[in-house]
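Structure first, then comments.
The values are calculated or read from the model by the stated rules, or taken from the named source; none is laboratory data. This structure is a prediction, so every number in the text was calculated from the model and none was measured. Here Cβ is always computed from backbone atoms with ideal geometry, including for glycine, and neighbour counts include all displayed protein chains.
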Amino acid sequence: MYSPLTLATKYIGYRINASNGKGHGIHSPFVFDFVEKVLNDKIAYAEYSEAERLRKKLLADQTPVPMEDYGAGSTSGRASKSVSQIAKVSAKSAKYAQLLFRIARFYRPHYILELGTSLGVSSAYLGLADKTSAMVTGEGNYAVATIAKNNFDSLG
């Protein structure tokens, strides 16, 4: 077991000597391309703002939504939650949703399958990445799925 001082020293040494953060030293052209065009891409795509407007709208929505327990043992104990509460807990952060967007834009898949759509924030990012992709999403709670469908319809 290392002491906190030893761990800090090792971490600082790692940060100084680490060299693959920008993709240099990666031999595979495929992996290098992925690192350069997906992981290190700092472009603020216009689609980000469209999806973030949806997130902002959902975070401000206090409409109650009935929650259903499908036997997974939910510990919340509530019969309903607000759209805002659901969005805070289940929506991917902007950082990871934008990573999903860049991955979908890089690979340009013909089909996308998302399970556990929730309110559709991640789905919005995936759908906006390549509008020619066919997307199939699934959400177990009918009330939440209805909200997600309305969100998809509003995005086009």
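Here are the numbers:
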read-out	value
Matching entry among Gly127, Gly156 (being more than 29 Å from Asp33 (Cβ to Cβ) and either out of contact with any Leu (no Cβ under 7 Å at 6 or more places or on another chain) or not aliphatic (A, V, I, L, M) (or both))	Gly156
Residue within segment 96-104 that is modelled with pLDDT of 95 or more and among the β-branched types (Val, Ile, Thr) present	yes
Those residues of segment 122-145 which are under 12 Å from Glu47 (Cα atoms) and touching a residue at least 60 places away in the same chain (Cβ under 8 Å), in sequence order	Ala124, Tyr125, Leu128, Ala129
Enumeration of residues in segment 1-22 that are of a type in the set (Lys, Arg), in a helix (DSSP H, G or I) and at pLDDT below 85	Arg15
Residue list for segment 23-56, filter: among the hydroxyl-bearing types (Ser, Thr, Tyr), part of a helix (DSSP H, G or I) and without any contact (Cβ under 8 Å) to a residue 40 or more places away in the chain	Ser49
Only listed residue being touching a Pro at 6+ places or on another chain (Cβ under 6 Å), surrounded by fewer than 17 Cβ atoms within 10 Å (Cβ to Cβ) and closer than 30 Å to Val31 by Cα, chosen from Ser133, Ser93	Ser133
All strands (runs of 3 or more DSSP E) inside segment 57-156 with 3 or more residues being among the charged types (D, E, K, R) and within 15 Å of the chain's Cα centre (by Cα)	none
